[in-house]
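Remarks on the structure that follows.
The values are calculated or read from the model by the stated rules, or taken from the named source; none is laboratory data. Keep in mind the model is a prediction, meaning the values are calculated, not measured. Here the Cβ positions follow ideal geometry from the backbone for every residue, glycine too, while neighbour counts run over all protein chains shown. Keep in mind that these areas ignore ligands, DNA and RNA; they rest on the heavy atoms of the full protein, side chains included. Shrake-Rupley method; radii C 1.70, N 1.55, O 1.52, S 1.80 Å.
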Amino acid sequence: MSPILVVLAAIVAIAGFVILIYNGLVMKRQRVNQAFADVDVQLKQRQNRIPNLVETVKGYASHEKETLDAVISARNAAQSASTPGEMSAAEGMLTASLGKLFALAEAYPALKANTNFLELQSELSSIEDKLAAARRFYNSAVQDYNTSREQFPGSIVAGMFNFEGREFFDVGVEGREALSTVPEVKF
């Protein structure tokens, strides 16, 4: 066998190996993008239900303006967030403010019995379950992608073709503090 054929075979083998790694990274990046889109859809559904919930509560607890304003403010912050880190922190704050809103409902038996409120609360609970599943899938896809782009030889291919790392969907320190704080209900 001539040395030229050996060198040519080695070049073809290396090129094939790089192509396999590249395609694997592209596939994993697309999985992350699709998972993020799933999270985004659930977040939008959740955000779209909140104005109806606030309007329902206003009818029963109009003097609880501070709590209602906090929910709307958190919703607006969540809608304006663009990166996974910003979105997860904003959603953590939104979850905390919704917790306060639901705790507030405990003080108003007529509100707790309102079918519209109960339906919205049930819808939000269902969306929360779907959102939790979508977040887990997204974080799993990010972990798989980031691991593939950081391990050798994927790190070489990722560096050559500018495959950037992705952020996990984590509520962060502020979000964890907000979620761990027990809502105050004042009468």
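Being crowded, with 20+ Cβ neighbours inside 10 Å, farther than 30 Å from residue 19 by Cβ and touching a residue at least 24 places away in the same chain (Cβ under 8 Å) narrows it down to one residue among 103, 107, 96; which is it?
Exactly one residue qualifies, and that residue is 96.
Restricted to the stretch 144-184, and to residues that are within 14 Å of the chain's Cα centre (by Cα) and open to solvent by 40 Å² or more (accessible area, probe 1.4 Å), which residue is modelled with the lowest pLDDT? Give the derivation first.
Initial filter on the stretch 144-184 (within 14 Å of the chain's Cα centre (by Cα)): 166-172, 175.
After this cut, where a residue has to be open to solvent by 40 Å² or more (accessible area, probe 1.4 Å) as well, the list is 166-168, 170.
Numbers: 166: 93, 167: 91, 168: 90, 170: 78.
Applying the filter and picking the extreme gives 170.
Under 7 Å by Cβ, and 6 or more places apart or on different chains, what pairs join a residue from the stretch 158-180 that is within 21 Å of residue 146 (Cβ to Cβ) with one that is modelled with pLDDT of 85 or more and part of a loop (DSSP other than H, G, I, E, B)?
Sorted first by the residue in the stretch 158-180, then by its partner, the pairs are 167/83.
Consider only pairs whose beta carbons are under 6 Å apart and that are at least six residues apart or on different chains; among these, list those whose first residue lies in the stretch 2-19 and is touching a residue at least 60 places away in the same chain (Cβ under 8 Å) and whose second residue is surrounded by 10 or more Cβ atoms within 10 Å (Cβ to Cβ).
Listed pairs, sorted by first residue: 18/157.
Consider the stretch 120-141. How many of its residues are open to solvent by less than 30 Å² (accessible area, probe 1.4 Å), closer than 19 Å to residue 169 by Cα and of a type outside the set (Gly, Ala, Ser)? Steps first, please.
Within the stretch 120-141, the subset open to solvent by less than 30 Å² (accessible area, probe 1.4 Å) is 120, 124, 127, 131, 134, 138, 141.
Keeping just the survivors that are closer than 19 Å to residue 169 by Cα gives 127, 131, 134, 138, 141.
With of a type outside the set (Gly, Ala, Ser) added as a condition, the list becomes 127, 131, 138.
So the count comes out to 3.
For residues in the stretch 60-71 being surrounded by 13 or more Cβ atoms within 10 Å (Cβ to Cβ) and not aromatic (Phe, Trp, Tyr), which is nearest to residue 112 (Cα to Cα)? Please lay out each step first, then the result.
We begin by selecting, within the stretch 60-71, every residue surrounded by 13 or more Cβ atoms within 10 Å (Cβ to Cβ); these are 60-61, 64, 67-68, 70-71.
Still in the list and also not aromatic (Phe, Trp, Tyr): 61, 64, 67-68, 70-71.
On the way: 61: 12, 64: 15, 67: 17, 68: 16, 70: 20, 71: 18 Å.
Top of the filtered list is 61.
Taking the stretch 76-117 only, how many residues are more than 25 Å from the chain's Cα centre (by Cα) and among the aliphatic types (A, V, I, L, M)?
Total meeting the criteria: 6.
Quick one: in the stretch 82-93, which of the residues that are open to solvent by 60 Å² or more (accessible area, probe 1.4 Å) and not charged (D, E, K, R) is nearest to residue 46 (Cα to Cα)? Break it down stepwise before answering.
Residues of the stretch 82-93 that are open to solvent by 60 Å² or more (accessible area, probe 1.4 Å), as a first pass: 82, 86, 93.
Still in the list and also not charged (D, E, K, R): 82, 93.
Details: 82: 16, 93: 13 Å.
Among residues in the stretch 82-93 that are open to solvent by 60 Å² or more (accessible area, probe 1.4 Å) and not charged (D, E, K, R), the one nearest to residue 46 (Cα to Cα) is 93.
One line per residue, one yes/no per condition, for (1) within 22 Å of residue 129 (Cα to Cα); (2) over 17 Å from the mean Cα position of the chain (by Cα):
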| residue | (1), (2) |
| --- | --- |
| 35 | yes, no |
| 38 | yes, no |
| 45 | yes, no |
| 52 | yes, yes |
| 55 | no, yes |
| 58 | no, yes |
| 64 | no, yes |
| 68 | no, yes |
| 74 | yes, no |
